[in-house]
Amino acid sequence: MGRWVRPEVYPLMAAMTFVTSMCVFQLTRNMLMNPDVRINKTNRTTAVLENAEEGEKYSQHSLRRFLSQRRPEVFPALNRFFSGADE
């Protein structure tokens, strides 16, 4: 019959499970929280939704607000070390 349990496949399965869960998370987030997605019938009947505040809240989430106050650096300490800048 052969061997059904193959340990060399575990890293591939872990990576594929992680990627699949990230895709499901993003699709669920867009379906439930995106103001442009209209699931219920009352929102689908209106041509233009007046939800600028909801759209602003969706696009400017807490992680984006936090990162907008930081400098665009991946490793700030390493950048300061190699540039020689004493800030």
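The values are calculated or read from the model by the stated rules, or taken from the named source; none is laboratory data. Keep in mind it's a predicted model, so treat the numbers as computed, not measured. Note that each Cβ is placed from the backbone with ideal geometry, even for glycine, and that neighbours are counted across all protein chains shown. What goes into the accessible areas is simple: the full protein's heavy atoms, side chains included, and nothing from ligands, DNA or RNA. Shrake-Rupley method; radii C 1.70, N 1.55, O 1.52, S 1.80 Å.
Rounded to the nearest 0.05, what FRET efficiency do M31 and R65 give with R0 = 25 Å and r taken as the Cβ-Cβ distance? Could you check?
My answer for the efficiency is 0.60.
Could you identify which residue out of N40, N51, N30 has the top mean-square fluctuation in a GNM of the chain using Cα springs shorter than 10 Å?
Largest GNM mean-square fluctuation: N40.
Based on DSSP H runs of at least 4 residues, each adding -39500 (n - 2.57), what is the mean residue ellipticity at 222 nm of the chain after dividing by all its residues, to the nearest 500 deg cm²/dmol?
Here the helix-only value at 222 nm equals -18000 deg cm²/dmol.
Just to confirm, what accessible area per residue do you get for the chain at 1.4 Å probe, in whole Å²?
Accessible area per residue: 96 Å².
Just to be sure I understand the curve: with the Debye formula and one point per C-alpha of the chain, what is log10 I(q)/I(0) at q = 0.10, 0.15 Å⁻¹?
Once normalised to I(0) and log-transformed, intensities are -0.61, -0.86.
Would you work out the charge dipole size for the chain about its Cα centre, treating the Cβ of every Lys and Arg as +1 and the Cβ of every Asp and Glu as -1, and quote it to the nearest 20 debye?
Charge dipole of the chain: 380 debye, to the nearest 20.
If you roll a 1.4 angstrom probe over the protein chains with everything in place, what fraction of the accessible area of region 1-78 belongs to carbon and sulfur, to the nearest %?
Of all accessible area on region 1-78, carbon and sulfur atoms account for 65 percent.
Would you look at the GNM of the chain, springs on alpha carbons closer than 10 Å, and say which of A15, A52, A77 moves the most?
A77
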